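Notes follow the structure.
Rule-based calculations on the coordinates, nothing more; no lab input. These figures come from a predicted structure and were not determined experimentally. So basically every Cβ, Gly included, is an ideal-geometry build from the backbone, and we count neighbours across all protein chains shown.
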Amino acid sequence: MTADLQSWIDRLRRGDALALSRAITTVENHAPGWRDLLKELFPHTGRARIIGLTGAPGAGKSTLVDHLARQYRQENRSVGIIAVDPTSPYTGGAILGDRIRMQQHFSDPGVYIRSMATRGSLGGLAGATADVSAILDASGRDFVMIETVGVGQDEVDVVRLADITVVILVPGMGDDVQSIKAGIMEIADIFVINKSDHPGAERVEREIRALQSLAARADRWTPPIVKTVASEGLGIEDLVAAIRQWETYQQAGNRDRVRQAENWEGRLIAMLRDALLEEALDRMPAGAIAGYAAEIAAHQRDPYTLVEEIVGRLETKS
C-alpha cells in the first residue's frame, strides 16, 4: 500500500468528511485505484448496522430517515445516509432532492449524507450502493441508512445489503398492501405504516396481519408493525425499539451471521457478473456492441450464438 493511500485511509477512518467524500466519488466513478481502496477498507467494515428503508414513492421515506437520524444522534450515535434517487432516462440526470429534505443535518459532523443516482440500475439501488455503504461502515459510522429509490414491487435488492429491512406503507394508495405484496412485502423485517393519522391506516394493518398469517418465515420472526407520523416525528422511538428488538433476535442463535452469509452469496454473484461483463467489454473493440445490435436487429445473426462466442473468447484468453 502506498503512503498516499495509507494517509487517505487514516483520514477517512478519523472521520474526515473530505476524505470520505473523495473515497465515495472514486468508487462511484470507478476511478483509478478504486478496487485497491475497497480492499484496504474491507478489514475495517462489519461494525455498522445497515438499515434499508424502502417503499412506494410518497410513503415518506426521506422524512422518516431524517427523524430516525435525529433520534440516533440524540443517543450520540453516528449516522451515514445513502439516499438513492432515480435517473432520468432522457437526460441521465437526477434531482437528488433528499439532501434538501435533510438540511438540518448538514452542520452535524455525526451525520454524513450522500445522494446517489441509480444510473440505470434496477431494484431500487444504485450500482455502487453496496461499496458506498462499506466505505461509510469503515469510516466508523454506527448506523448506515439506505433509502431506496421508491420504484414499487421490484425494489428488493436492498435485502441483500441491509441487516434490517424496513418496508414503509401508507394508507390510501391504491389497493394498499395488495398492490405491492408480490414484491417488497416478503422482504420486510419491520413494517412501518406512515401517515397513520390518515383514514385507512387500520385497514393497512389488518391486511399486513392477514398476509403474515398465511405463511411463517423460515427464521420464525414475525415482523412488527410500527405506526408513525413522520412529518410530526411521532412513532420514531417505537421504530428504534423495533430495530433493537430485531437486533436482539438476530444475535440470538447466531442468526445474524447466517443472514450475512446469505447476503454475501447474492452479492458475490452480482460482483462476479459485473466483473465478467467488464472483462468482456474491455476485450471488444470500440463500437462492437452497437454493431452486434444492428446485425441482430437485421436478423443477420442470432444473439444466443453471439453470446456463446463472446463467452468462448473469454475462456480461450483466460
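Numerical summary
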read-out	value
Residues whose placed amide H lies under 5 Å from that of SER115, excluding near-sequence neighbours	ALA83
In Hz, Karplus ³J(HN,Hα) per residue of the range 6-11 (6.51, -1.76, 1.60; θ = phi - 60°; x = Gly, Pro)	4, 4, 4, 5, 4, 5
Derived scalar couplings ³J(HN,Hα) [the range 273-284; Karplus, 6.51 cos²θ - 1.76 cosθ + 1.60; whole Hz; x for Gly, Pro]	4, 5, 5, 5, 5, 4, 5, 5, 5, 5, 8, 9
Karplus-derived 3J(HN,Hα), 6.51/-1.76/1.60, for each residue of the range 129-134, Hz, glycine and proline x	4, 4, 5, 5, 5, 5
For the range 248-266 versus the range 1-80, the gap between their alpha-carbon centres in whole angstrom	22 Å
Sequence of MET145, MET284 once ranked by neighbouring C-beta atoms within 10 Å, starting from the fewest	MET284, MET145
Amide proton proximity set for VAL144, modelled H, under 5 Å, gap of 5+	ARG49, ILE50, ILE51, GLY80
Radius 11 Å from Cβ of ASP197, net charge of other residues (Lys, Arg +1; Asp, Glu -1)	+1
Around PRO303: net Lys/Arg minus Asp/Glu count, Cβ-Cβ under 13 Å	-3
Separation in nanometres of the label points that stand 7 Å from Cα toward Cβ, at ALA298 and ARG35	3.6 nm
Formal net charge of residues neighbouring GLU247 (Cβ-Cβ distance under 11 Å; K, R +1; D, E -1)	0
